[in-house]
1. Quick one: 3J(HN,Hα) in Hz for segment 54-59, Karplus 6.51/-1.76/1.60 with θ = phi - 60°, rounded, Gly and Pro as x.
2. Using a simple spin-label model with points 7 Å from Cα along the Cα→Cβ vector, what separation in nm is obtained for Ser21 and Asn65?
3. Residues with beta-carbon under 12 Å from that of Glu72, excluding Glu72: net charge, scoring Lys, Arg +1 and Asp, Glu -1?
4. Per 0.36 nm of contour for each residue apart, how much would the distance between Thr57 and Ile14 grow if the chain were fully extended, relative to their Cα-Cα spacing?
5. Rounded to the nearest 500 deg cm²/dmol, what is the calculated helix-only ellipticity per residue at 222 nm for the chain, with -39500 (n - 2.57) per DSSP H run of length n ≥ 4?
6. Treating the angle as unsigned and between 0 and 90°, give the value, to the nearest 10°, between the Cα long axis of helix 34-44 and the longest Cα principal axis of the chain.
7. With θ taken as phi - 60° and the coefficients 6.51, -1.76 and 1.60, list the Karplus ³J(HN,Hα) couplings across segment 8-23 in order, rounded to whole Hz; mark glycine and proline as x.
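Bear in mind that the values in this text are calculations on the coordinates, not laboratory data. For clarity, every value in this text was computed on a predicted model and none was experimentally measured. Don't worry about glycine lacking a Cβ; one is built from the backbone with ideal geometry, like all the others, and counts go over all protein chains shown.
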Amino acid sequence: MNMVELRQLSKEQILMGFVASCVEDVANRLGVDYAEVYRRMDAVGMIEQYLMPFYSTLHTESRENLTTSLIESLNRWETEK
């Protein structure tokens, strides 16, 4: 009988997975490469000032609503910068 080894992810790994999935979801919705979305989010500080600090709230949103909100926020942050 083979035993499956379960690994516990660190908080940082979970957070990085969440950020990566947000970037990918926005890129898919916009029909652009994820690297472009990452560059745009990074340029306005969205990852470090929004996604990471507010993970505990943001990850409870539906993916559809979160993606829509992130696109709107990204556009607004770029306009204000």
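1. Per residue, the Karplus-derived 3J(HN,Hα) values read 10, 3, 4, 8, 5, 6 Hz.
2. Placing both labels 7 Å along Cα→Cβ, they lie 1.6 nm apart.
3. +1
4. Going from the current span to full extension adds 14.1 nm.
5. Result for the chain, helices only: -21000 deg cm²/dmol.
6. 60 degrees
7. 8, 7, 6, 4, 5, 5, 5, 4, 5, x, 5, 4, 4, 5, 5, 4
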